Amino acid sequence: QVQLVESGGGLVQAGGSLRLSCAASESIFSVRAMGWYRQAPGNQREMVARITGAGTTTYADSVKGRYTISRDNTKNTVYLQMNSLKPEDTAVYYCNIKTIFNDNWGQGTQVTVSS
(Lines give C-alpha, C1' and ligand atoms only; values in the text may rest on other atoms or scores of the structure.)
Protein backbone atom coordinates (compact mmCIF):
# COMPACT_ATOMS: atom_id res chain seq x y z
CA GLN A 1 0.00 0.00 0.00
CA VAL A 2 1.28 3.44 -0.97
CA GLN A 3 0.92 6.21 1.60
CA LEU A 4 -0.31 9.59 0.31
CA VAL A 5 0.35 12.58 2.56
CA GLU A 6 -1.60 15.78 1.89
CA SER A 7 -0.72 19.31 2.95
CA GLY A 8 -1.56 22.93 2.16
CA GLY A 9 -5.10 23.26 3.46
CA GLY A 10 -6.22 25.99 5.81
CA LEU A 11 -8.40 29.05 6.28
CA VAL A 12 -8.47 31.71 3.57
CA GLN A 13 -10.65 34.69 2.71
CA ALA A 14 -12.87 34.69 -0.36
CA GLY A 15 -10.84 35.59 -3.43
CA GLY A 16 -7.66 34.14 -1.98
CA SER A 17 -5.52 31.21 -3.10
CA LEU A 18 -4.19 27.93 -1.73
CA ARG A 19 -2.00 25.18 -3.14
CA LEU A 20 -2.56 21.62 -2.02
CA SER A 21 0.18 19.00 -2.25
CA CYS A 22 -0.07 15.22 -2.20
CA ALA A 23 3.19 13.29 -1.84
CA ALA A 24 3.48 9.55 -2.32
CA SER A 25 5.74 7.57 -0.03
CA GLU A 26 7.34 5.86 -2.99
CA SER A 27 7.23 5.72 -6.76
CA ILE A 28 3.99 4.30 -8.10
CA PHE A 29 4.02 2.18 -11.23
CA SER A 30 1.26 1.80 -13.80
CA VAL A 31 -0.51 5.06 -12.88
CA ARG A 32 -3.78 5.54 -14.76
CA ALA A 33 -4.81 8.87 -13.24
CA MET A 34 -4.22 11.30 -10.40
CA GLY A 35 -7.01 13.43 -9.03
CA TRP A 36 -8.49 15.60 -6.31
CA TYR A 37 -11.89 15.06 -4.74
CA ARG A 38 -13.76 17.07 -2.13
CA GLN A 39 -16.56 16.45 0.33
CA ALA A 40 -18.52 19.06 2.26
CA PRO A 41 -20.70 18.19 5.28
CA GLY A 42 -23.96 16.63 4.11
CA ASN A 43 -22.74 16.29 0.52
CA GLN A 44 -21.39 13.42 -1.56
CA ARG A 45 -17.75 13.27 -2.52
CA GLU A 46 -17.16 14.87 -5.92
CA MET A 47 -14.26 14.98 -8.35
CA VAL A 48 -12.83 18.45 -8.85
CA ALA A 49 -9.74 17.76 -10.99
CA ARG A 50 -8.02 14.83 -12.66
CA ILE A 51 -4.92 14.25 -14.78
CA THR A 52 -4.26 11.03 -16.69
CA GLY A 53 -0.94 9.32 -17.22
CA ALA A 54 -0.86 10.87 -20.69
CA GLY A 55 -1.36 14.36 -19.23
CA THR A 56 -5.00 14.97 -20.12
CA THR A 57 -6.75 17.15 -17.53
CA THR A 58 -10.40 17.27 -16.51
CA TYR A 59 -12.12 19.75 -14.18
CA ALA A 60 -15.52 20.05 -12.60
CA ASP A 61 -17.52 22.87 -14.16
CA SER A 62 -17.64 24.67 -10.82
CA VAL A 63 -13.84 25.07 -10.68
CA LYS A 64 -12.87 25.52 -14.34
CA GLY A 65 -10.69 28.56 -14.82
CA ARG A 66 -9.87 28.74 -11.10
CA TYR A 67 -8.15 25.42 -10.29
CA THR A 68 -5.09 23.85 -11.91
CA ILE A 69 -3.86 20.30 -11.35
CA SER A 70 -0.20 19.47 -11.96
CA ARG A 71 2.37 16.84 -11.07
CA ASP A 72 6.07 16.43 -10.42
CA ASN A 73 7.06 12.87 -11.21
CA THR A 74 10.58 13.33 -9.82
CA LYS A 75 9.06 14.09 -6.40
CA ASN A 76 6.13 11.65 -6.62
CA THR A 77 3.82 14.59 -5.95
CA VAL A 78 0.57 15.95 -7.37
CA TYR A 79 -0.61 19.53 -6.75
CA LEU A 80 -3.85 21.48 -6.85
CA GLN A 81 -3.55 25.24 -7.29
CA MET A 82 -6.78 26.94 -6.21
CA ASN A 83 -7.37 30.60 -7.08
CA SER A 84 -10.32 32.97 -6.63
CA LEU A 85 -11.66 30.79 -3.84
CA LYS A 86 -15.33 31.01 -2.88
CA PRO A 87 -17.16 30.00 0.32
CA GLU A 88 -18.77 27.12 -1.59
CA ASP A 89 -15.28 25.64 -2.11
CA THR A 90 -15.17 24.85 1.61
CA ALA A 91 -14.70 21.09 2.03
CA VAL A 92 -12.28 18.33 2.93
CA TYR A 93 -10.08 17.69 -0.09
CA TYR A 94 -8.75 14.20 -0.82
CA CYS A 95 -5.94 13.17 -3.15
CA ASN A 96 -6.41 10.02 -5.24
CA ILE A 97 -4.02 8.01 -7.41
CA LYS A 98 -5.39 5.18 -9.55
CA THR A 99 -3.21 2.36 -10.81
CA ILE A 100 -4.11 -0.69 -12.85
CA PHE A 101 -4.24 -2.56 -9.54
CA ASN A 102 -5.93 -0.32 -6.98
CA ASP A 103 -6.92 3.13 -5.70
CA ASN A 104 -4.83 5.08 -3.22
CA TRP A 105 -6.29 7.89 -1.06
CA GLY A 106 -4.79 10.64 1.04
CA GLN A 107 -5.96 11.40 4.57
CA GLY A 108 -7.79 14.57 3.55
CA THR A 109 -7.02 18.23 4.22
CA GLN A 110 -9.54 20.87 5.32
CA VAL A 111 -10.07 23.95 3.15
CA THR A 112 -12.23 26.69 4.64
CA VAL A 113 -13.10 29.86 2.71
CA SER A 114 -14.60 32.73 4.69
CA SER A 115 -16.90 35.41 3.28
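The values are calculated or read from the model by the stated rules, or taken from the named source; none is laboratory data. Computed from a predicted structure; not experimentally measured. Note that we place each Cβ from the backbone using ideal geometry, even for glycine, and neighbour counts take in every protein chain shown. Note: areas computed on protein heavy atoms with side chains; ligands, DNA, RNA excluded. Shrake-Rupley method; radii C 1.70, N 1.55, O 1.52, S 1.80 Å.
Laid out as a table, the results:
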quantity: Value of relative contact order over the chain, rounded to a whole percent, pairs C-alpha under 8 Å and six or more apart; calculated: 37
quantity: Net length gained if the chain between VAL5 and LYS86 were fully extended (0.36 nm per residue, minus Cα distance); calculated: 26.7 nm
quantity: Restricting segment 6-51 to GluC sites (Glu not before Pro) in coil, as DSSP defines it, with at most 10 other Cβ within 10 Å; calculated: GLU26
quantity: Most fluctuating residue given options GLN13, GLN44, GLN81, as computed from a GNM of the chain linking Cα atoms under 10 Å; calculated: GLN44
quantity: Rounded accessible area per residue of the chain, 1.4 Å, Å²; calculated: 54
quantity: Cβ-based net charge around SER62, under 13 Å, with every Lys or Arg adding one and every Asp or Glu removing one; calculated: 0
quantity: Volume per residue of the C-alpha convex hull in segment 46-111, rounded to whole Å³; calculated: 104
quantity: Translational D in µm²/s for the chain (Stokes-Einstein at 10 °C, 1.306 mPa s, Kirkwood Rh from C-alpha pairs); calculated: 112
quantity: Whole-percent carbon and sulfur share, accessible surface of segment 40-100, 1.4 Å; calculated: 46
